[in-house]
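See below for the structure under consideration.
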Amino acid sequence: MAPPNLNVQRYSPTTMWDSTPLFQFGDMQEIIQNFVRVHVDAPGMEEGAPVFPLGYQYPSLDQLADMIPCILQYLNFSTIIGVGVGAGAYILSRYALSHPDSVEGLVLINIDPNAKGWMDWAAHKLTGLTSSIPEMILGHLFSQEEISGNSELIQKYRNTITHAPNLENIELYWNSYNNRRDLNLERGGEITLKCPVMLVVGDQAPHEDAVVECNSKLDPTQTSFLKMADSGGQPQLTQPGKLTEAFKYFLQGMGYMASSCMTRLSRSRTASLTSAASIDGNRSRSRTLSQSSESGTLPSGPPEHTMEVSC
């Protein structure tokens, strides 16, 4: 049986998931061939999901994180490399804090580790009086410049959210995200992410300050910060090539895919990168996303596991 209240989709190493440009991207197929990939939808977010009954108590993000162990047990996974965007990034981080031994690495796009403050709550309430749920979500996903430009991508997302048959479920998930607790991350403290982490945010994105703050709270020897130019609020949609290349460097730094050929970032000067290096036991973990390729030891055995948590 699958874990309750969760939509879990498992993919073989050669299967392509057709719901996101990042995993559709041609260069990403090299990664997919080396890893078993799983996508997890939050309750009621999967395609064709029925609307929850009136009064349904939607799980908190903490409760969603607490569901991950039963997913891993169901799939017989001992460790994962997590990839999450927004709420998904928060959920994976919350899980990694409580189960550090089962998380080899995290790619966190647009993460906000902080609970909403009083000023944030006031602004949220005022916005709610004048804006619809779809417009509020668009404001969360994209920069004001992108929304004002009303590009094809913005029009597509506005139409998709506005006409979503499970819009009531989306609103419940949105409310859970806005009621998240502070992760209380502290550099050098007990509460911190102990695995390699790649933080990703677009330039001028709504989440830029939050991701920068998150970077300041994590171990610099384990954390890479990627601020992507010309990518707006959703770099996985607008710059899948550059993000794929950075993901490969990240995996190489963990000792995977040592023979992968890197070309895109070596030609590009638009990505703003900060990095560090560390030694973990007898294995060197290079954390530098540089203009040259890296080397490492390719682990033997079956493909490793990646888990995506939808935002």
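Points to keep in mind about this one:
- Only one of the numbered conditions (1) assigned to a loop (DSSP other than H, G, I, E, B); (2) touching a residue at least 60 places away in the same chain (Cβ under 8 Å); (3) among the aliphatic types (A, V, I, L, M) is not met by L218, and that is (2).
- Test set (1) of a type in the set (D, E, K, R); (2) in a strand (DSSP E or B); (3) closer than 18 Å to V103 by Cβ - K227 fails condition number: (3)
- Positions within the stretch 190-215 being open to solvent by less than 20 Å² (accessible area, probe 1.4 Å) and not in a helix (DSSP H, G or I), in sequence order: L193, C195, P196, V197, M198, L199, V200, V201, G202, A205, H207
To keep it simple, each residue is scored yes or no on (1) without any contact (Cβ under 8 Å) to a residue 12 or more places away in the chain; (2) surrounded by fewer than 24 Cβ atoms within 10 Å (Cβ to Cβ); (3) in contact with a helix residue (DSSP H, G or I) (Cβ under 8 Å, 6 or more places away or on another chain).
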position: N76; (1), (2), (3): yes, yes, no
position: I80; (1), (2), (3): no, no, yes
position: Y95; (1), (2), (3): no, no, yes
position: S102; (1), (2), (3): no, yes, yes
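- Check on I91, outside any helix (DSSP H, G or I), buried (at least 24 other Cβ atoms within 10 Å of the Cβ) and either modelled with pLDDT of 95 or more or not basic (K, R) (or both): no
- Taken over the stretch 161-173, residues that are open to solvent by 60 Å² or more (accessible area, probe 1.4 Å) and either basic (K, R) or more than 14 Å from S132 (Cβ to Cβ) (or both) amount to 1.
- For the stretch 60-86, a residue qualifies if it is touching a Leu at 6+ places or on another chain (Cβ under 9 Å) and in a loop (DSSP other than H, G, I, E, B), and the qualifying residues are M67, S78, T79, G86.
The values are calculated or read from the model by the stated rules, or taken from the named source; none is laboratory data. Being a predicted model, the structure only gives us computed values, none of them experimental. Cβ atoms come from the backbone with ideal geometry, glycine included; neighbour counts cover every protein chain shown. Protein only, heavy atoms only, side chains kept; ligands, DNA and RNA dropped before computing areas. Shrake-Rupley method; radii C 1.70, N 1.55, O 1.52, S 1.80 Å.
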